Amino acid sequence: MNNFTIPFSFTLPTKIVYGPGCISSLIDELRLNNGNKPIIVTDKGVRNAGILDKITILLEQNKTEYIVYDGVEPNPKDVNVEEGAKIAREFGADSIIAIGGGSPIDCAKSVGVLLAHKEDKIKKYEGKTAATKPLPLLITIPTTSGTGSELTFSSVITDTQNNYKMTVKSQYTAAKVAICDSELTLSLPAHITASTGMDALTHAIEAYTAACAEPISDAMALYATELIYNNLVNAYNDGGNLEARSAMLLGSMLAGIAFSHSDVASVHCIAESLGGVYDLPHGVCNAVFLPHVMEYNMEYSVERYARLAKAMGLSYKNEREGAKKAVEAVKKLAADVKLPLFSSLNVNTNDFEKIAEMSVKNISTESNPRPMTKEDYLNVINNAYRHK
Ligand code: NAD
């Protein structure tokens, strides 16, 4: 379905620096933006992969004082944000460097929100309107090709009192600069390459088919689909393949821009609910529900799914066949990169009702191309559970 006549506005407040080895531009970007005393927000995995050292060596060579907070957990917790902000305040940080996957980047964004508002608790900033002040300088450096968080307006943080993932979103939470160096993704283990890659593909597919899709997000989503679909298996099988790693990073960046200007939809609503209750990897949660939500949406999205099939390089005789091929291709891709089935994730079936309830309340339910009730969510969750 064409959408050439719908009105939209498009703002990308983040400068993108892209290319293998471009981490060397970090000092220039700090200086250009008056960042003199940064806090680095990261996690232990990024430190252990030797990536943090690449940054600290650059800072030390250039006599820049810094402090590191490496306590970010997967599905970053409110307490991580609050600890990071406390360390930043005590150190007198004037800027934030986020290095890692979506977890450290999201945590860093929310640390910035607390510093900007001089507050201690992130819960106060949940939603789209609560963060109202510009953040200190934020430079994002992705090391996974998945979330696109380096370029989005969102920060997804687990509320540990209520075990659910809340979103802190505002025009102010976007980074000032994103340094996207595909060499930093070479060390990503195969299983994380797989799950983060399927997260990026889900962003592209949901952004393209969301009720609020617009032409610029469409363009980004289609090219993202082409790049991710055609390079994920190569990046998974041969982690040192810089060409495939670079294509994956570009694909996830484009998918991130696409969904932050369109939206995600019901796959993410289920994945975020499940991730909040069971602390499971976000990309795995997306991968297990993507084909099942696509099947549910089929009648409402035939034309767009067929167009996605074309972006994947699949041929078809008519749009219905193309749409079905897109769903089958997504299932096969997840199997090719050995992602687990939902039934193997040790989720208690008694919790399905609660997951469905949480999903329907997620703000992105309204972006799904086909309306979805709690019962519809429950059916999709049960279908995914039966999938062998
Ligand atoms: P992650 O940041 O949790 O990282 C997963 C693991 O990979 C960690 O153990 C980390 O240490 C390790 N790792 C990262 N880069 C590495 C590298 N180059 N080499 C070796 N190990 C490396 O995973 P993620 O999937 O990138 O982020 C998931 C989080 O992002 C979730 O909380 C999700 O909700 C959120 N998210 C945010 C947005 C957004 O727009 N803000 C969008 C989608 C998802």
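The values are calculated or read from the model by the stated rules, or taken from the named source; none is laboratory data. From a predicted model like this one, the values you see are computed outputs, not experimental measurements. Reconstructed Cβ throughout: ideal geometry from the backbone, glycine too, with neighbour counts over all protein chains shown. Protein only, heavy atoms only, side chains kept; ligands, DNA and RNA dropped before computing areas. Shrake-Rupley method; radii C 1.70, N 1.55, O 1.52, S 1.80 Å.
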Assess whether L188 counts as being at pLDDT 95 or above, more than 20 Å from S155 (Cα to Cα), crowded, with 24+ Cβ neighbours inside 10 Å and out of contact with any Phe, Trp or Tyr (no Cβ under 9 Å at 6 or more places or on another chain).
yes
Filter the stretch 61-89 down to the residues that are open to solvent by 30 Å² or more (accessible area, probe 1.4 Å), farther than 20 Å from T143 by Cα and among the charged types (D, E, K, R) and list them by number.
K63, E65, E82, E83, K86, R89
Modelled with pLDDT of 95 or more, within 16 Å of the ligand (Cβ to nearest atom), open to solvent by less than 30 Å² (accessible area, probe 1.4 Å) and not aromatic (F, W, Y): does that describe I122?
yes
Qualifying residues in the stretch 361-385 (those that are over 15 Å from Y296 (Cα atoms) and in contact with a Ser or Thr (Cβ under 8 Å, 6 or more places away or on another chain)) - the one surrounded by the most Cβ atoms within 10 Å (Cβ to Cβ):
N362
Is it the case that the stretch 163-173 has a residue that's within 11 Å of the ligand (Cβ to nearest atom), hydroxyl-bearing (S, T, Y), open to solvent by 40 Å² or more (accessible area, probe 1.4 Å) and touching a helix residue (DSSP H, G or I) at 6+ places or on another chain (Cβ under 8 Å)?
no
Given G45, G92, which one is open to solvent by 30 Å² or more (accessible area, probe 1.4 Å), outside the structural domain of A207 (by TED's automatic domain parsing) and within 16 Å of the ligand (Cβ to nearest atom)?
G45
Those residues of the stretch 230-275 that are among the β-branched types (V, I, T) and either within 11 Å of the ligand (Cβ to nearest atom) or touching a strand residue (DSSP E or B) at 6+ places or on another chain (Cβ under 8 Å) (or both) come to a total of 2
Can you tell which of K310, K338 is closer than 26 Å to A213 by Cβ and in contact with a Phe, Trp or Tyr (Cβ under 9 Å, 6 or more places away or on another chain)?
K310
Can you tell which of N62, N48 is free of Cβ contacts under 8 Å to residues at least 40 places away in the same chain and in contact with a helix residue (DSSP H, G or I) (Cβ under 9 Å, 6 or more places away or on another chain)?
N62
Would you be able to tell me the number of residues in the stretch 134-160 that are closer than 22 Å to G239 by Cα, near the ligand (Cβ under 6 Å from one of its atoms) and not small (G, A, S)?
3
Could you list all residues from the stretch 337-353 that are assigned to a helix (DSSP H, G or I) and loosely packed, with under 14 Cβ neighbours inside 10 Å?
S344, T349, N350, E353
The condition of being of a type outside the set (A, V, I, L, M), closer than 16 Å to N231 by Cα and assigned by TED's automatic domain parsing to the domain that holds T202 holds, among D351, D336, only for D336
State yes or no: is L58 open to solvent by less than 90 Å² (accessible area, probe 1.4 Å) and hydrophobic (A, V, I, L, M, F, W, C)?
yes
Quick test of your reading of the structure: E150 fulfils all but one of (1) on the phi > 0 side of the Ramachandran plot; (2) open to solvent by less than 10 Å² (accessible area, probe 1.4 Å). Name the failing condition by number.
(1)
Some residue of the stretch 62-83 being hydroxyl-bearing (S, T, Y), over 9 Å from D43 (Cβ atoms) and within 15 Å of the ligand (Cβ to nearest atom)
yes
